[in-house]
Amino acid sequence: MFYTDLSSFGVNMERLTEQRLARLQDAMKRQGLGALVLTDQHNIRYATNTVFMHGLRATAVQRFVVVPVTGSPLVCQRETSRKRKGSSAGRFDAYMFGMRPPIATKDFATQAAAALREAGVSGEPIGVDHLNLEAVDLLRSSGIRLVDGWRALNRARAVKTMDELQLIHWTTRAKERGYDLVRAALHDSNCPEDDLSRIMLDYLLDQGFEAGSEFISIYDSSQADTRPHTEAMGTDLVVLEGDLVICDATVAGPGGYYSDFARTFSRGDPTAESRVRYREAFASLQEALALIKPGPCAEFFSRFGKSSSSRLPGLDGFHGVGLCIYEAPWLRGGDPDEYAVTLEENMIIALEINHLPVKLEHLLRVTDSGVEILSTYPMDPELVPA
């Protein structure tokens, strides 16, 4: 479901739009950009608080947006019967990436260059997110100085505004009820993975979530020798007594914001080996939480990075969460020290422990001194006492 008004979720729509655009334009100034030309639907949504044919899986460009370093964005898309009040919009009918004759890409380049001239920034560095090489060449041949716009986009989107935080809080709480339903189904009967996934997904869509996938998978089986299964998700395999099941639903809530946290549940009594792995994973999670704080991640890298001599079992880094399930900042297990990032207050990150067959993941807000745990959903009582 797409909500045109998010006020029922505690969000001030005008403030959400203004603060996100202000963050983006500030990041553009810091990178020395005169404008951004955006085609990615998530970046356009962030910059303009608008959607168009949302969720369509297509490699064609349905619209583009020019975001000047000051002033309002210019949205260029097909004409529709409903026009956004007070919006600045232009017509755009070209589709790119080789689906139409080359003249379509030329038309796009002509329209984009005209929009940049209209904004008075055609002579300045112009950041882009997703363009095919043919379009890049055409714009550069017309005198437009294109550069990578993702540094500015990631800088802006990594730190959340108060209304973004509110939407992520709401999504997290709603997902918890879905996890309750999955746990209940595990106790009631031997369910196939895909049935458990459907329980989660149906519930979340009924709550007004926009779209997403589901990650419910058997990662440890009492019959592992006869049915090896370590990666595929949502299959027809039945969860049996003694199996461990990872629940890691990734579904976009109202406003398009994700929440990402994972728990591992047991179907009946877990094995002694499963209890040991869970205990190790839980200990790693608790220790890693104390290492997350604003500033450079030097202390975190000491228990995580490629050169670490005392890595925590299963610690697999963290990634940002927002309008995408994977956003900046991002660190992965065994990264070299040069990959270190600096954390800032109000970044949202998912801290992952992948100590298979156990996965534990917390959603965190970076505070001025450490972290706030947003994913307060309990661990599995059959496994925690281990």
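The values are calculated or read from the model by the stated rules, or taken from the named source; none is laboratory data. Small disclaimer: the values here were computed from a predicted structure and weren't measured. Here Cβ is always computed from backbone atoms with ideal geometry, including for glycine, and neighbour counts include all displayed protein chains. Just so you know, the surface numbers come from the protein's heavy atoms only, side chains and all, with ligands and any DNA or RNA stripped out. Shrake-Rupley method; radii C 1.70, N 1.55, O 1.52, S 1.80 Å.
Annotation: of all residues in region 7-25 being farther than 15 Å from Gly322 by Cβ and not in a helix (DSSP H, G or I), the one that is least open to solvent (accessible area, probe 1.4 Å) is Gly10. Number of residues in region 281-302 that are under 18 Å from Thr342 (Cβ atoms) and either open to solvent by less than 60 Å² (accessible area, probe 1.4 Å) or among the polar types (S, T, N, Q) (or both): the value is 9.
One residue alone among Arg263, Arg279 is part of a strand (DSSP E or B) and charged (D, E, K, R), and that residue is Arg263.
Can you list the strands (runs of 3 or more DSSP E) lying wholly within region 314-366 that have 1 or more residues being open to solvent by less than 40 Å² (accessible area, probe 1.4 Å) and small (Gly, Ala, Ser)?
Qualifying strands (runs of 3 or more DSSP E): 315-320, 327-332, 348-355.
If you go through region 236-289 and keep only what is at pLDDT 90 or above and within 14 Å of Leu363 (Cα to Cα), you end up with Tyr257, Tyr258, Ser259, Asp260, Phe261, Ala262, Arg263, Leu285, Gln286, Ala288, Leu289.
Here the condition is being modelled with pLDDT under 90 and of a type outside the set (S, T, N, Q); of Asp335, Asp368, it holds for Asp335 alone.
Each residue in region 130-148 was checked for being surrounded by fewer than 19 Cβ atoms within 10 Å (Cβ to Cβ), within 14 Å of Phe64 (Cβ to Cβ) and touching a residue at least 12 places away in the same chain (Cβ under 8 Å), and 3 of them qualify. Of the numbered criteria (1) farther than 21 Å from Arg15 by Cα; (2) at pLDDT 90 or above, the one Val69 fails is (1).
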